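Undergrad: One structure, as structure tokens, below. Some questions next.
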Ligand SMILES: N[C@@H](CCC(=O)N[C@@H](CS)C(=O)NCC(=O)O)C(=O)O
């Protein structure tokens with residue numbers, strides 16, 4: 001597999017999954033400008049990060065890539081067996097992370113990062129409300145535990161905690177005391193640290 005990685009972008013979650021597994025892969029570290037080249041557009045039609053070349057051809061969408069990487073290496077135990085309830089929960093949290101969590105987080109970010117106008121308070125407040133509800137769902141599911149599915153580290157933790165870390169570091173919202181131990185513990189995983197240490 002070849003991963004096109006723009007440091008500090010969503011490709012980091014795919015790199016993290018690869019680092020957790022420890023299988024060989026090819027890394028193409030790219031600057032933001034490279035995404036607009038015709039060469040890169042052949043791999044990602046929207047010119048976004050990440051993209052990958054997998055067996056069979058090009059691929060985009062970071063959440064799908066994390067699931068695929070876990071599928072390619074079942075012995076790593078990052079995803080449950082096909083047809084299992086664990087697998088259903090992994091799908092659940094993957095979609096949840098990309099929609100219910102990342103959706104409102106990005107809505108807040110887009111407002112706060114605007115350089116040409118003030119944030120629209122109604123949009124920020126509404127998105128923060130959805131974000132808090134989603135974070136509350138994660139707190140309830142963890143019930144004080146360390147991981148989201150079957151008490152073991154999995155793709156669910158990569159995708160969900162990854163968005164929560166973004167919420168914290170980007171200053172989009174204050175994470176409640178109930179979720180901080182989970183985020184802190186996952187952030188200290190060596191594979192995650194290796195992925196975040198890659199620079200352009
Ligand atoms: N849903 C996509 C979103 C990809 C995305 O928006 N990536 C950002 C970086 S995190 C990007 O490349 N934006 C365009 C730009 O920076 O020019 C995914 O998860 O892969």
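Undergrad: If I ask for residues that are free of Cβ contacts under 8 Å to residues at least 24 places away in the same chain and surrounded by 14 or more Cβ atoms within 10 Å (Cβ to Cβ), which ones from region 169-185 would you list?
TA: Selection gives 183 alone.
Undergrad: Continuing with the same structure: For region 69-123, what are the residues that are under 17 Å from residue 142 (Cα atoms) and in contact with a strand residue (DSSP E or B) (Cβ under 8 Å, 6 or more places away or on another chain)?
TA: If the condition is that a residue be under 17 Å from residue 142 (Cα atoms) and in contact with a strand residue (DSSP E or B) (Cβ under 8 Å, 6 or more places away or on another chain), then 86, 89, 90, 93 are the ones that fit.
Undergrad: Next up: Which of the residues spanning region 1-27 are within 14 Å of the ligand (Cβ to nearest atom) and in a strand (DSSP E or B)?
TA: Scanning region 1-27 gives 3, 4, 5.
Undergrad: Then there is this: Tally time: how many residues in region 56-79 are more than 16 Å from the ligand (Cβ to nearest atom) and either touching a helix residue (DSSP H, G or I) at 6+ places or on another chain (Cβ under 6 Å) or within 18 Å of residue 95 (Cα to Cα) (or both)? Talk me through it step by step, then tell me what you get.
TA: Step one: filter region 56-79 for residues more than 16 Å from the ligand (Cβ to nearest atom), giving 56-57, 71-79.
Among the residues that remain, those that are also either touching a helix residue (DSSP H, G or I) at 6+ places or on another chain (Cβ under 6 Å) or within 18 Å of residue 95 (Cα to Cα) (or both) are: 71, 73, 76, 78-79.
The total comes to 5.
Undergrad: Of (1) in a loop (DSSP other than H, G, I, E, B); (2) surrounded by 13 or more Cβ atoms within 10 Å (Cβ to Cβ); (3) out of contact with any strand residue (DSSP E or B) (no Cβ under 6 Å at 6 or more places or on another chain), residue 46 satisfies all except one. Which?
TA: All conditions are met except number (2).
Undergrad: Return only the number of the condition from (1) surrounded by fewer than 19 Cβ atoms within 10 Å (Cβ to Cβ); (2) within 15 Å of the ligand (Cβ to nearest atom) that residue 82 does not satisfy.
TA: Result: residue 82 fails condition (2) only.
Undergrad: Do we find that residue 39 is near the ligand (Cβ under 10 Å from one of its atoms) and either outside the structural domain of residue 152 (by TED's automatic domain parsing) or assigned to a helix (DSSP H, G or I) (or both) in this structure?
TA: So residue 39 does not fit the description; no.
Undergrad: Just to be sure, is residue 53 more than 16 Å from the ligand (Cβ to nearest atom) and not in a helix (DSSP H, G or I)?
TA: no
Undergrad: While we're here: Any residue in region 143-155 that is at negative phi, in a helix (DSSP H, G or I), surrounded by 20 or more Cβ atoms within 10 Å (Cβ to Cβ) and touching a strand residue (DSSP E or B) at 6+ places or on another chain (Cβ under 9 Å)?
TA: Applying the first criterion (at negative phi) to region 143-155 yields 145-149, 152-155.
Checking which are in a helix (DSSP H, G or I) leaves us with 155.
The next check asks that each one be surrounded by 20 or more Cβ atoms within 10 Å (Cβ to Cβ); those that pass are 155.
Of the ones still in play, those that are also touching a strand residue (DSSP E or B) at 6+ places or on another chain (Cβ under 9 Å) are 155.
Within region 143-155 (the criterion being at negative phi, in a helix (DSSP H, G or I), surrounded by 20 or more Cβ atoms within 10 Å (Cβ to Cβ) and touching a strand residue (DSSP E or B) at 6+ places or on another chain (Cβ under 9 Å)), the answer is yes, since at least one residue qualifies.
The values are calculated or read from the model by the stated rules, or taken from the named source; none is laboratory data. These numbers were taken from a predicted model, which means no experiment stands behind them. Here the Cβ is made from the backbone with ideal geometry for all residues, glycine too, and neighbour counts use every protein chain on show.
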